[in-house]
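One structure below.
The values are calculated or read from the model by the stated rules, or taken from the named source; none is laboratory data. As the structure is a computational prediction, the values presented were derived from the model and not from experiment. For neighbour counting, all protein chains shown are included, and Cβ atoms are generated from backbone atoms with ideal geometry for every residue, glycine included. Calculation scope for accessible area: heavy atoms of the full protein, side chains included, ligands and nucleic acids excluded. Shrake-Rupley method; radii C 1.70, N 1.55, O 1.52, S 1.80 Å.
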Amino acid sequence: MSEYSDKELLILFRDTERKNFAFNLIIKKYQQKLYWHIRKMVIKHDDADDILQNTFIKVWKGLDGFREDSKLYTWLYRIATNESLTFLKQQKTKYLLPIADYENQLKETLESDVSFNGDEIQLKLQKAILELPEKQRIVFNMKYFDEIKYEEMSAILDTSVGALKASYHHAVKKIEKYFNEN
Amino acid sequence: MSKTWEDRIIREDYIMDKFLEKLESLKETKSNPFKVPEGYFDSLPTRIQDRIATNENRQSIFSQIRLVIKPQLAFAAAFIAVALIAVTTLEYIFKDKTKLPASTGVYTRIIEVDASEFTEQHFIDVLLDENKKSIDNKKNSDCYIDFLVDENIDYTTLIDEL
């Protein structure tokens, strides 16, 4: 069965009788991309699972009002990104942790996480990424891992292409510095 | 100076390009280090749909409860509104009664009764007394002015002293 395009999925979703079927297809189409995007931000699988489910619940509630000013894919990524950032913010305020402490916690989680089985260099890269400020981390992950174009990233993050390029450049420099120092 | 700066930029760019190449090869040669539980993505759509259904059921239960208690709530609200209006009206009526001014006839009678207790001479004395007080006041004022003139105290000095 060939994959439905976003436009076809939206038409299906607007048909009351096929709404659930269409939504199921949307989840299947985007679940992995969104999961990895979220997971790289929050590190733990359980947290990523919660955020992903909340993301799709928000999508279900908001899809009727989606006006197609942007692509469905861009909209989904934006919701997932916002949900991840909100989660991280909540974690910091919940435990009254300074940013650096929370990132150290995430690094420790990475080392002890049984669902992370990367080798030494992959662990080092993930730790270096965790040293980045959240926005830079998102930009780096989207460009490096998800290979999203700057123009699309600009629509998702509502940031200019120039600022995103600069952000990516800074992120790479910081990661390089981390590699040289550790 | 400018040449050194340019050289430094070119060298930094070169190092960064080399590092990016290293990162790219790392991405190509290594698999995703993060893992998910077995069958996670297969079961996810069903779990999400279940959560949505549960949320919607809960919402419909709430809306049903609201439908049932809505007339009772409306009745209670109407009762409270009527009670408030009644209390306010009664308060207004009683407040007005306590502050009800005496009629003109009553005032005339009060004046007549009280006036009967005084003789004409009483009224003349009171009026003379009032007149005397105002004359005294005037005398006092004249004394003050005379004093200021005698002491040669001008207006500015007076204000400063005050």
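When only Cα pairs below 8 angstrom with a gap of at least 6 residues are kept, chain A shows a relative contact order of 19 percent.
Relative to the longest principal axis of the Cα atoms of chain A, helix A:99-112 runs at roughly 90 degrees.
Students often get this wrong, so check it: of A:LYS94/A:LYS135; A:LYS124/B:LYS35; A:LYS19/A:LYS61; A:LYS124/B:LYS30; A:LYS89/A:LYS135, which have C-alpha atoms separated by over 19 Å? With Cα atoms farther than 19 Å apart: A:LYS94/A:LYS135.
Quick check: from the Cα gyration tensor, does the protein assembly as shown come out rounded (a/c under 1.5), prolate or oblate? Oblate. Averaged over the residues of peptide B:45-51, the number of Cβ atoms from other protein chains lying within 10 Å of each residue's Cβ is 5.
For the set A:ASP69, B:ASP154, solvent exposure ranked by accessible area (probe 1.4 Å, protein chains only) runs largest to smallest as A:ASP69, B:ASP154. GNM remark for chain A: springs join alpha carbons under 10 Å apart, and the peak mean-square fluctuation among A:ARG137, A:ARG39, A:ARG67 falls on A:ARG67. Take each residue of peptide A:58-64, count the partner chain Cβ atoms within 10 Å of its Cβ, and average: the result is 1. Considering only B:ILE69, A:ALA155, A:SER5, and ranking their Cα positions along the charge dipole of the protein assembly as shown that arises from unit charges at the beta-carbon of Lys, Arg, Asp and Glu, the one farthest toward the positive end is A:SER5.
Backbone N atoms of segment A:154-182 closer than 14 Å to the 7 Å Cα→Cβ label point of B:LYS22 belong to residues A:172-182. Dipole of the protein assembly as shown computed with +1 at Lys/Arg Cβ and -1 at Asp/Glu Cβ about the Cα centre; of A:SER167, A:ILE26, B:GLN121, farthest Cα towards the positive end is A:ILE26.
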